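Since the structure comes first, as structure tokens, the remarks are kept for the end.
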Amino acid sequence: YWRDWSSDVCSSDLVGLALMLRDAIFLIGGPQTREYAIDQTAVYDLGLIRVSPGQAVAIAITLVVAPATALLLAKTPIGKSMRAVAENRDLAAISGIDVDRIGTYVWLLAGALAGLSGVMFAVVQGIFDPNLGSQVLFLIFTAVVLGGIGSAYGALVAGVALGLSMELSTWSGLA
């Protein structure tokens, strides 16, 4: 018997779970600020743009992971099954796809990508604490809504557009 958890979970439940997880991190790891051993003052001058080492690492990882995720979803049997379940759960189940197993894989993939994005954000920031994600949560929701809820590619394009517009709005030009 398969249970559709998405119909039983509301946003306040997720916020409560997030607060509970944050407090668990406080209890286990402590609230102190930590930092990566990356020189945040170093800058690579690439002509029109300047990139810090943390940003360079995040860009390099993104250039590998984003196409790999797209290929996983488009070309592999598990990715095709994920898309089928997302499109029509009942039809996917009738056609022989184990919907529960695919749901587990989707959550594992989402968790891995969320964890990787948190690490990359911490690398860009240089210092981090258990409250790191709360600063960008609104921007993440904005990118998802702007790109179209349920559209991974739309969220990716909207996130890039939002990030570029935020950076260009503070750009002082050729200094």
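The values are calculated or read from the model by the stated rules, or taken from the named source; none is laboratory data. Note that the structure is predicted; figures quoted are calculated from it, not measured. Heads up, the Cβs are rebuilt from the backbone with ideal geometry, glycines too, and the neighbour counts pull from every protein chain shown. Heads up: the accessible areas ignore ligands, DNA and RNA and are worked out on the full protein's heavy atoms, side chains in. Shrake-Rupley method; radii C 1.70, N 1.55, O 1.52, S 1.80 Å.
Any residue that is within 14 Å of the chain's Cα centre (by Cα) and either farther than 27 Å from Phe26 by Cβ or in contact (Cβ under 8 Å) with a residue 60 or more places away in the chain (or both) - is there at least one of those in the range 80-90?
Among the residues of the range 80-90, not one is within 14 Å of the chain's Cα centre (by Cα) and either farther than 27 Å from Phe26 by Cβ or in contact (Cβ under 8 Å) with a residue 60 or more places away in the chain (or both), which makes the answer no.
Please go through the range 143-157 and pick out each residue that is loosely packed, with under 14 Cβ neighbours inside 10 Å and of a type in the set (Val, Ile, Thr).
Val145, Ile149
Here is a yes/no grid of residues against (1) modelled with pLDDT of 90 or more; (2) of a type in the set (D, E, K, R); (3) in contact with a strand residue (DSSP E or B) (Cβ under 7 Å, 6 or more places away or on another chain):
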site	(1), (2), (3)
Asp23	no, yes, no
Gln32	no, no, no
Glu35	no, yes, yes
Pro53	no, no, no
Ala74	yes, no, no
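Which of (1) open to solvent by 40 Å² or more (accessible area, probe 1.4 Å); (2) in contact (Cβ under 8 Å) with a residue 12 or more places away in the chain does Ile59 not meet, given it meets every other one?
Here Ile59 clears every test but (2).
Restricting attention to the range 99-130, report how many residues are open to solvent by 70 Å² or more (accessible area, probe 1.4 Å) and either in contact (Cβ under 8 Å) with a residue 40 or more places away in the chain or not hydrophobic (A, V, I, L, M, F, W, C) (or both).
6
Residue under question is Val160, and the condition is that it be open to solvent by 30 Å² or more (accessible area, probe 1.4 Å) and in a helix (DSSP H, G or I); does it hold?
Here the answer is yes, as Val160 does meet what is asked.
Can you pull out the helices (runs of 4 or more DSSP H) entirely within the range 10-98 that have at least 1 residues that are closer than 29 Å to Glu167 by Cα?
11-29, 53-75
Please enumerate the residues belonging to the range 121-140 that are closer than 19 Å to Phe26 by Cβ and of a type in the set (Gly, Ala, Ser).
Ala122, Gly133, Ser134
Looking only at residues in the range 17-56 that are in contact with a Phe, Trp or Tyr (Cβ under 8 Å, 6 or more places away or on another chain) and of a type in the set (A, V, I, L, M), which one is most open to solvent (accessible area, probe 1.4 Å)?
Ala56
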